[in-house]
Amino acid sequence: GNSNLKKITIIVLAILLILAGAVLYISYSAADSLVHSPHEKPQDVPENYGYTIYENVSFPAGDDPNLILKAWYFPPSPEKNGETIIYVHGFQAERSWLLSQARFMIDEGYGALMLDLRNSGESDGDTTYFSEKEWHDVEGAVNYLSTRPEVNGNMLGIMGRSMGGGVVIRAQAELQIFNFVIAQSTCTNIPDLVNDVVPLSTRLPSFRFLPLIVFFAKQDTGIDVNAVNSVEQLQRFNNTPILIMHGTQDDWI
């Protein structure tokens, strides 16, 4: 009887160990794929909208002179007095993601700077920080625009979509330089987002995996994704006009 009990105990322990190992491996893989996603190739080009007057430009991120970011720059029309808008794409995307929307303002004569965030598109970097460091990419964009004599540094706006919305909210909270902020399809905070996205992307229950994914992401990036909170950053705005756009059919955010 005792030997049978020992066998059953060993089998149960082995199963539990295998399950625990699987949970750890799945959580680590999920965190790794979120933090080190492959760079997307451009899905669209300005020429598709009839634009020929623009430049491929590059500049360093605000926090790292060796991290070079790539962007498209559309100069403002003379009658716009240098008014220019920065456009910030979302997670696992690239600068052309917002072309179909930016064209409305470009066609009105506003300047545009459409950048690839770090670890995205043609920009440097192999790690995504979920806006905790990406706001420095916006800082780099602002620094670049300050070198363009036709841009009015006092007349800047910014728009971001999805994770880019979190980036632009954080950027304004830190820099206090933009005359308006547009955040589209943006999450309230990262834990809420992961909580919703884990079951959708992995078909796994988030309550088991969320703490581990957050843990492994922190080990990998050095940032606490629990601290990434757009609602808190909005409290730091000094009466900056903000337009928040979303749709009721967004299952992800």
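The values are calculated or read from the model by the stated rules, or taken from the named source; none is laboratory data. Predicted model only: the values in this text are computed from it and were never measured. Here the Cβ positions follow ideal geometry from the backbone for every residue, glycine too, while neighbour counts run over all protein chains shown. Protein only, heavy atoms only, side chains kept; ligands, DNA and RNA dropped before computing areas. Shrake-Rupley method; radii C 1.70, N 1.55, O 1.52, S 1.80 Å.
For the reader, a short list of remarks on this structure follows.
- Full extension of the chain between Glu108 and Asn179 yields a length gain of 23.8 nm, computed as 0.36 nm times the residue separation minus the alpha carbon distance.
- Placing a pseudo-label 7 Å from each Cα along the Cα-to-Cβ vector at Leu200 and Asn2 gives an inter-label distance of 5.7 nm.
- Here the peptides 170-178, 83-91, 208-216, 9-17 are ranked by packing, the mean other Cβ count within 10 Å, and the order with the highest first is 83-91, 170-178, 208-216, 9-17.
- Think of the chain as having a plus end and a minus end, set by charges on the Cβ of Lys, Arg, Asp and Glu; of Gln176, Val138, Gly247, Gly247 sits farthest toward the positive end of this dipole.
- Share of pairwise Cα-Cα distances greater than 17 Å in the stretch 190-253 is 55 percent (whole percent).
- Against the empirical curve 2.2 N^0.38 Å, the C-alpha radius of gyration of the chain lands at a ratio of 1.20.
- For the listed peptides 75-82, 185-192, a ranking on the average number of other beta carbons within 10 Å per residue, highest first, reads 185-192, 75-82.
- For Ile86, the residues whose modelled amide H falls within less than 5 Å of its own, excluding neighbours fewer than 5 places apart on the same chain, are Leu113, Gly157, Ile158, Met159.
- Carbon + sulfur, % of accessible area of the stretch 1-144 - ligands and nucleic acids excluded, 1.4 Å: 58 percent
- For the chain, the longest principal axis of the alpha carbon atoms and the long axis of helix 2-35 meet at an angle near 0°.
- If both residues of a DSSP beta bridge must be in the chain, then about 40% of such bridges are antiparallel.
- Each label was represented as a point 7 Å from its Cα along the Cα-to-Cβ direction; for Asn152 and Val45 these points are 3.4 nm apart.
- Extension gain for Asn226-Leu13 works out to 73.4 nm (0.36 nm per residue, less the C-alpha to C-alpha distance).
- Estimated from the Cβ-Cβ distance and a Förster radius of 35 angstrom, the FRET efficiency linking Asn238 and Leu24 is about 0.20.
- Solvent-accessible surface of the chain, averaged per residue with a 1.4 angstrom probe and all protein chains in place: 51 square angstrom.
- Residue ranges 112-118, 152-158, 38-44, 222-228 sort as 112-118, 152-158, 222-228, 38-44 when ordered by packing (mean number of other C-beta atoms within 10 Å per residue, highest first).
- Assuming charge only on the beta carbon of Lys and Arg (+1) and of Asp and Glu (-1), the dipole of the chain about its Cα centre is about 1020 debye to the nearest 20.
- Taking every C-alpha pair closer than 8 Å and separated by at least 6 residues, the mean separation divided by the residue count of the chain gives a relative contact order of 19 percent.
- All Cα-Cα separations within the stretch 146-253 were binned at 10 Å from zero, giving a P(r) of 14, 37, 30, 15, 4, 0, each value a whole percent of the pairs.
- Computed per residue of the chain from DSSP H runs no shorter than four, each worth -39500 (n - 2.57), the mean residue ellipticity at 222 nm is -13000 deg cm²/dmol.
- R0 of 45 Å, Cβ-Cβ distance Thr248-Thr127: FRET efficiency to nearest 0.05: 0.85
- Translational D in µm²/s for the stretch 75-143 (Stokes-Einstein at 4 °C, 1.567 mPa s, Kirkwood Rh from C-alpha pairs): 102 µm²/s
- Segment Ile68-Thr52, length gained on full extension (0.36 nm per residue, minus Cα span): 3.4 nm
- Cα coordinate range in the stretch 1-103, projected on the principal axes (Å, largest first): 91, 31, 19
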